[in-house]
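The values are calculated or read from the model by the stated rules, or taken from the named source; none is laboratory data. What you are looking at is a predicted structure, and each value in this text was computed from that prediction instead of being measured. Backbone-built Cβ (ideal geometry, glycine too); neighbour counts: all protein chains shown. Surface areas here come from the heavy atoms of the whole protein model, side chains and all, with no ligands, DNA or RNA. Shrake-Rupley method; radii C 1.70, N 1.55, O 1.52, S 1.80 Å.
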Amino acid sequence: MKKKIFSSIIVIVTACIFLSFFFFTKGLHSLIQELRTLDTSWILLSVICMLLFWFFEMLTLYVITKKLYNIKNLLVRSIKFQMTGLFFGAISPFSAGSNPAQLYAMTENEIPAGIAGSILMIKFMIHQFINILILILAFLFKFNYFNSRVDYFPYLCILGLSIHVIIMVFSVMFSLNSKLTKSVLTLIFKVLKKTRLVKNTESTYKKIEIELENFHQNAFLIAKHIKMCIYASLFTFLQYLAFFSIPYCIYRSFGFNTADLWTLISAQIFLTNFMAIIPLPGAAGGAEGGFYLIYNMFFDASTILTAIFVWRVLTYYSTIAIGSIFTLVLPNAKKRP
């Protein structure tokens, strides 16, 4: 209950700061008037893109889980796992709360911790691989275009890409190197023992150590189940494609049509890359600033702030709102009859 209250406070405070900025900058009446002038068909399409983003995320988790540990009502449970992960990812720095929250939700639904960890690690590595691949494609085709128009663009790109590569390398090492994993785990439990945050640390460590053995055995399944990985990679690619298309739909809703779809998608790819270096929940501040930095060449001065508002509500706050329903409101699946 305390965790739920704390999460709710984070959501409320973040939303209040966000709304206050736009209300005091644009004015409530002016913002509402501009929102009324938007093309509803394009806004509806952007909402559909966000729904597809969640849908393909769920399918990625579903196909991996079904292959490694199929359980009853897995499709329905996968929706809860996925939305829980997205919710805690949205309210935690660097989205660090996503995988632990999903791991907890999966173990609560009778999936062993070692297998659940393997599922999430495979999913995470596929996400990182596809993300890096898409970013490289954007570099190849649109780097010169944005480099000539955005200040400090190469430095931001290199920094963001470096973080993604480092995370990918570390996750692979963590999956394959059992000694490294145990060393990290030992360090964590030493801290927990000194701070007395966990009781019976030795017995807890032994239980998790057993699950770690299963985890490292299952980590090699990514090479054994190529078909599963292809499906998961395809769903992940479609997931990102839907998400990266949202700014284009918002752009068209304002009546603009000069820029093409691939240019706007590339802009969102680079923006997402920049946001990875912001150590705040949802990359707060950096996301809005990055959108302004990149997209002000497509929107005029009178519409850019409203575009940021619509984009942020659709891509971030909608995830918090819907994710909170699955995380804070709906009961655990295993408690249902």
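Whenever you get a sec, line up Arg252, Arg149 from highest to lowest accessible area (probe 1.4 Å, protein heavy atoms). Walk me through the numbers before you get to the answer.
Values: Arg252 65, Arg149 125 Å².
The most accessible residue leads, giving Arg149, Arg252.
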Percent of Cα-Cα distances greater than 18 Å, calculated over region 41-130: 43 percent
Part-to-part distance (alpha-carbon centres) for region 5-76 and region 84-119, which is given in Å: 19 Å
Nearest-10 value in Å² for the accessible area of Val47, using the 1.4 Å probe: 50 Å²
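Where Rh is the Kirkwood radius over the Cα pairs of region 26-181, the temperature 4 °C and the viscosity 1.567 mPa s, what D in µm²/s does Stokes-Einstein return?
The diffusion coefficient I find is 70 µm²/s.
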Carbon and sulfur %, accessible surface of region 65-136 computed with the full protein complex present, 1.4 Å: 66 percent
Most to least packed among 86-98, 262-274 [average Cβ atoms within 10 Å]: 262-274, 86-98
Ranked packing of 239-250, 20-31, most packed first, by mean Cβ within 10 Å: 239-250, 20-31
Two-decimal Rg to Rh for region 91-140 - Kirkwood Rh, Cα set: 1.13
